[in-house]
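The values are calculated or read from the model by the stated rules, or taken from the named source; none is laboratory data. All values derive from a computational prediction rather than experimental measurement. Positions of Cβ are generated from backbone atoms using ideal geometry, with glycine treated the same way; all protein chains shown enter the neighbour counts.
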Amino acid sequence: MIVIAITGASGVIYGVRLLEVLKKLGEYTALVVTDPAKIILEYELGLKEEELKELADVYYDPKDLTASINSGSCRFNSMVIVPCTMKTLSAIATGYASNAITRGADVSLKERRKLVLVPRETPLRSVHLENMLKISNEGGIILPAMPAFYHNPKNIDELTNFVVGKILDALEIDNNLFKRWHGENP
């Protein structure tokens with residue numbers, strides 16, 4: 001199982017697209033969406049929470065600290081927080097596991113499972129960078145939502161697919177969502 005958490009930062013399109021691709025690939029997913037993320041989903045994409053839930057196999061309320069993903073005995077493979085707010089990133093870095101997302105991330109780190117955080121914030125403060133370093137030092141993967149342009153993207157979908165493809169790469173899931181760099185030797 002891959003746990004996908006969507007927090008209240010701009011760029012919810014990345015989380016939605018990841019869910020769509022994982023569903024198409026037949027991956028079993030669990031979804032957690034914060035209340036601010038629900039507002040941004042509707043604002044940025046015109047998407048309601050119920051429509052999003054259809055893309056996942058199971059849904060957990062972010063306030064539910066009894067959710068199975070909050071225990072190391074739940075055998076999920078990896079967790080992706082996309083987009084990841086600086087508030088969520090800070091809570092994870094400091095071990096403040098106050099909701100199902102930050103506790104699930106805590107479980108990921110303590111059980112040495114893959115944890116991919118996709119921050120979508122700019123510019124960054126020193127404390128943001130320090131928190132990212134703390135998580136990276138514990139094995140978490142910091143994968144900022146930074147699309148590339150070497151593949152000559154023609155639209156937002158191609159920019160989105162680049163970032164989602166990089167997330168799948170971090171999860172070691174084969175994909176062809178973007179044209180890979182080949183330099184002078186294609």
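Remark: pairs (first residue in region 97-124, within 15 Å of Tyr60 (Cα to Cα); second residue surrounded by fewer than 17 Cβ atoms within 10 Å (Cβ to Cβ) and among the basic types (Lys, Arg); Cβ separation under 8 Å; 6+ apart in sequence or on different chains) = Asn99/Lys63; Ala100/Lys63. Please go through region 70-96 and give me each residue that is without any contact (Cβ under 8 Å) to a residue 12 or more places away in the chain and more than 16 Å from Val127 (Cβ to Cβ), ordered by number. Once the filter is applied, which keeps residues that are without any contact (Cβ under 8 Å) to a residue 12 or more places away in the chain and more than 16 Å from Val127 (Cβ to Cβ), region 70-96 yields only Ser73.
To keep it simple, each residue is scored yes or no on (1) within 19 Å of Val32 (Cα to Cα); (2) modelled with pLDDT under 95.
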position: Val107; (1), (2): yes, no
position: Val118; (1), (2): yes, no
position: Glu121; (1), (2): no, yes
position: Ser136; (1), (2): no, no
position: His151; (1), (2): no, yes
position: Leu168; (1), (2): yes, no
position: Asn175; (1), (2): no, no
position: Asn185; (1), (2): no, yes
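Note on region 111-129: residues that are closer than 30 Å to Met1 by Cα and part of a helix (DSSP H, G or I) amount to 2.
Please work out if Glu121 is acidic (Asp, Glu), exposed (fewer than 15 other Cβ atoms within 10 Å of the Cβ) and either touching a His at 6+ places or on another chain (Cβ under 9 Å) or within 20 Å of Glu20 (Cα to Cα) (or both). No: the conditions fail for Glu121. Counting only strands (runs of 3 or more DSSP E) that sit completely within region 1-87, those holding 1 or more residues that are over 25 Å from Asn161 (Cβ atoms) correspond to 58-60.
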